[in-house]
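The structure appears below as structure tokens.
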Amino acid sequence: SFIVRVLLWLAAATYATRLDVTQGKVRLTRASDGARVDVSENHYAVASAGVHLAALPATSGILREYWTNLPGRFVRDLEKDRRYPNQPDGSDLLKNFEAPPDWGDNYGARFRGYVHPPVTGDYTFWIAGSTGFFLYVSPDDDPAGVVCVCYGGNTLPRDFDRPQANEKANKSNPIRMVAGRRYYIEALLKADVGDDHLSVAWRIPGREREVIPGEFLSPFKPKK
């Protein structure tokens, strides 16, 4: 005989049930159509009509990688550095899609991970930051498919509505996303001297705009 030990969280909302597994493996079956998925530890799945049923990595935040001692004002100064993209000077995990303010001078940073839309619909993204910045989103979880959706430079912290030379530069067009899937997202920041910051916000259909919380983000894990 043997004992199977499973640790999990089951959260029920009006239109969905979310299963989070912290240890072991659980098979989740959707009653409406019999679809099922095996959810292993540190993964979750959402069972609801209109939601893609899949096991996804647990949400916790987004990865930030940084390159120090890097002069210049433009993202291209980061991209042409010999250490970029595979030799960052360090990295950390951010709890939401917002960089620590006044972190340093003359550095570049890359923020990368996945967004997990809670409902199916059209999402709009905004970005604000110091000096120069770009935001990229993929139509799926493959980083190779990223497209630049907004960009800009020299805004105040969380100033998503500051007019740019191109008024829509730091705001994306609506992007269709399906609940139960994840989408690769990446931001690049080049900080000069002085105040430095970066924030990325979105609007979930039917809700107000907000800086993307960690509950809807999972970090990219570089290959060792």
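The values are calculated or read from the model by the stated rules, or taken from the named source; none is laboratory data. Given the structure is predicted, the values throughout are model-derived calculations rather than measurements. Glycine also receives a Cβ, built like all others from the backbone with ideal geometry; neighbour counts cover every protein chain displayed. For accessibility, only protein heavy atoms count, side chains too; no ligands or nucleic acids. Shrake-Rupley method; radii C 1.70, N 1.55, O 1.52, S 1.80 Å.
Can you name the number of the only condition in (1) touching a Pro at 6+ places or on another chain (Cβ under 9 Å); (2) closer than 19 Å to residue 64 by Cβ that residue 100 fails? With respect to (1) touching a Pro at 6+ places or on another chain (Cβ under 9 Å); (2) closer than 19 Å to residue 64 by Cβ, residue 100 is out only on (1).
In this structure, is residue 191 of a type in the set (A, V, I, L, M, F, W, C) and either exposed (fewer than 14 other Cβ atoms within 10 Å of the Cβ) or under 23 Å from residue 60 (Cα atoms) (or both)? Spelling it out, it is not the case that residue 191 is of a type in the set (A, V, I, L, M, F, W, C) and either exposed (fewer than 14 other Cβ atoms within 10 Å of the Cβ) or under 23 Å from residue 60 (Cα atoms) (or both).
Candidates in the range 116-147 are the residues that are assigned to a strand (DSSP E or B) and either hydroxyl-bearing (Ser, Thr, Tyr) or in contact with a Lys or Arg (Cβ under 7 Å, 6 or more places away or on another chain) (or both); of these, the one that is most open to solvent (accessible area, probe 1.4 Å) is 122.
Counting only residues that are in contact (Cβ under 8 Å) with a residue 12 or more places away in the chain and part of a loop (DSSP other than H, G, I, E, B), which one in the range 96-115 is farthest from residue 191 (Cα to Cα)? Walk me through it before giving the result.
So the first thing to find is which residues in the range 96-115 are in contact (Cβ under 8 Å) with a residue 12 or more places away in the chain, and the list is 96-99, 101-115.
From what is left, the residues that are part of a loop (DSSP other than H, G, I, E, B) are 97, 99, 101-106.
Numbers: 97: 17, 99: 11, 101: 11, 102: 10, 103: 10, 104: 8, 105: 6, 106: 6 Å.
Applying the filter and picking the extreme gives 97.
Residue by residue through the range 59-95, note down the ones that are aliphatic (A, V, I, L, M) and assigned to a loop (DSSP other than H, G, I, E, B). Spell out the reasoning first.
First pass over the range 59-95, keeping only residues aliphatic (A, V, I, L, M): 62-63, 70, 75, 78, 93-94.
Matches in the range 59-95: 70 only.
Only a single item in (1) within 14 Å of the chain's Cα centre (by Cα); (2) closer than 18 Å to residue 60 by Cβ is not met by residue 203, and it is number (2). Residues of the range 72-101 being modelled with pLDDT under 95, more than 23 Å from the chain's Cα centre (by Cα) and either farther than 16 Å from residue 153 by Cβ or open to solvent by less than 30 Å² (accessible area, probe 1.4 Å) (or both), which ones? Within the range 72-101, 72 is the sole residue that qualifies.
Would you call residue 34 touching a Phe, Trp or Tyr at 6+ places or on another chain (Cβ under 9 Å), in a loop (DSSP other than H, G, I, E, B) and not polar (S, T, N, Q)? Don't jump to the end; show me each part of the working.
Numbers: touching a Phe, Trp or Tyr at 6+ places or on another chain (Cβ under 9 Å): no; in a loop (DSSP other than H, G, I, E, B): yes; not polar (S, T, N, Q): yes.
Considered against the rule, which asks whether it is touching a Phe, Trp or Tyr at 6+ places or on another chain (Cβ under 9 Å), in a loop (DSSP other than H, G, I, E, B) and not polar (S, T, N, Q), residue 34 comes out as no.
Taking residue 17, is it among the polar types (S, T, N, Q), modelled with pLDDT of 85 or more and surrounded by 11 or more Cβ atoms within 10 Å (Cβ to Cβ)? Lay out the reasoning, then the answer.
Working: among the polar types (S, T, N, Q): yes; modelled with pLDDT of 85 or more: no; surrounded by 11 or more Cβ atoms within 10 Å (Cβ to Cβ): yes.
In short, no.
When the range 29-54 is filtered for residues that are without any contact (Cβ under 8 Å) to a residue 60 or more places away in the chain, surrounded by fewer than 17 Cβ atoms within 10 Å (Cβ to Cβ) and not hydroxyl-bearing (Ser, Thr, Tyr), the ones remaining, listed by number, are 31, 33, 34, 35, 36, 38, 41, 42, 49.
Restricting the range 173-199 to residues that are under 22 Å from residue 64 (Cβ atoms) and part of a loop (DSSP other than H, G, I, E, B), the residue that is nearest to the chain's Cα centre (by Cα) is 182.
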